Structure formats: structure tokens, C-alpha cells
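Bear in mind that the values in this text are calculations on the coordinates, not laboratory data. On a predicted model such as this, the values are computed, not experimentally measured, just so you know.
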Amino acid sequence: MNNKKSLMKIGKPGIFGIFTTLQLILTSFTLTFGQENDRLSDRGAPEVLNGSQLKYIGMPIGGLASGQVYLGGDGQLWYWDVFNINRIDPQNPGAGDKFYLNPMTQDRRFEQGFAIRINKEITSIARSLNNDGFSDITFRGEYPIGKVNYKDANFPVSVSLEAFTPFIPTDFESSGFPAVIMEYQLKNKTDKTLELEIMGWLQNTANYFTAEGTSGKHINKIIKSEDVLH
């Protein structure tokens, strides 16, 4: 009985008690909101992905309204929506939502890529700059720049890639440049001098994928100027 009376006294604080209770709640809310607000303004740490997380990465790069190319988690370019062929059903433009449930994975519809080569007197060593060539790859997306790092315990060089297309707010012409910039930085992990090369290749896709088939013949030539092959 005494406990009931005690509870009744606590449960009937009167008008001043109600204000006090509300004040305590508002004070608590203010403190909590202030802490959350501080977290929102903190810069925080960038998210770095690796391993199986790289499988579904496709960061859009390529100029505005000039087609679409994805930068994969391992630095490989893919998707390549530049052939005037709709990758998504044109009769159902909203069909892209299906990829939220079943994300696309990196495809290789034709031959293209980059590699690093260490030149030696007897046998040169080459590694492709993707999952096939390096065992330790990380991806850090900070749109419009994608950053990829390559390491391997059995390879004396580490590589860093920054890939992007110029993206300048309010400047449509400069942001619509139909190109991708791939900047590679190489680091020698040994105390020996190494002769290094970055190689790139791209299959001739003229009339390879087209909205309307045409007749023609591919002609490829190797053109050498000074020490560079085109």
C-alpha cells in the first residue's frame, strides 16, 4: 500500500512537474541531436573495398551524354555502352531497377586493358592490371574519381590508379568530353633499379557492335614513332 501511495505521488507531479519532465526530455533531445549533428559534419574515413566486394563495382566514367563506361573494382573498364545499342530494354526504360536485386557483374565483351612490364636482359615480367595480375587490390570510390591500388607479395612494384573524366559543374561542354583519363603511379618496393613500362591494348571494335549491321573489313596496322607503338 505504501508503494502505491508512493507511486501515486510520483505519477501526480502537478503542472510544474509536467514542465520539468518536458524540459528534461527536450534537454535530452537537444543533446542527442547535437551529437548526431556533429557526426554529420565530421569528414569521416573513406570506404575502401577489396576481395569479393570488388565483384559488383561499376563506377560510371565517361563524358556526359557521350555513352557510358564503368570502372570496375579491379580497375578494368567494362559495360561500354558506346555502340548505340541499348543495354536496357528501350520499351521499358524503368527496367534498370532489376539490377538492384540482381546486380550486374563485370563483363569483357572484347579485348582491352592495361599491364605493367619489368624489362630484364633475359626474360621480362608482365602483370595485367586487374584481378588476373594482382592478388591484393583495393578500390576507393570518390566520384568522379575512382582510385585503385595494386599490390602483390611476389611482385616488386606496387601500382596506384586514378581514373576519371573531367566533371565540371555548370560547364557542360568540358564535362561532355568522350574520354577516360587513366593515371598510373608506380612504386619500386626494392632497392634495385628497375626498368618499367605501362602497356595498353584495345580491340578494334569498328563495326563490331552496331545498332545497324554494315559491311566492311577490319584493317589493323602497327605504327611506330620513336619508341612508341600505335
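Among the listed pairs 189/224; 147/224; 55/151, those with a Cα-Cα distance over 29 Å are 189/224; 147/224. Rounded to the nearest whole Hz, the Karplus-based 3J(HN,Hα) values (6.51 cos²θ - 1.76 cosθ + 1.60, θ = phi - 60°) of region 50-57 follow the sequence 7, x, 5, 5, 6, 4, 9, 6, with x at glycine and proline. Placing one equal scatterer on every Cα of region 53-206 and applying the Debye formula, the log10 ratio I(q)/I(0) at q = 0.13, 0.14, 0.16, 0.19 Å⁻¹ is -0.68, -0.78, -0.97, -1.26.
Give me the percent relative contact order of region 53-206, please, defined on Cα pairs under 8 angstrom at least 6 residues apart.
On the way: 287 pairs, mean separation 38.7, N = 154.
Normalised by residue count, the contact order of region 53-206 is 25 percent.
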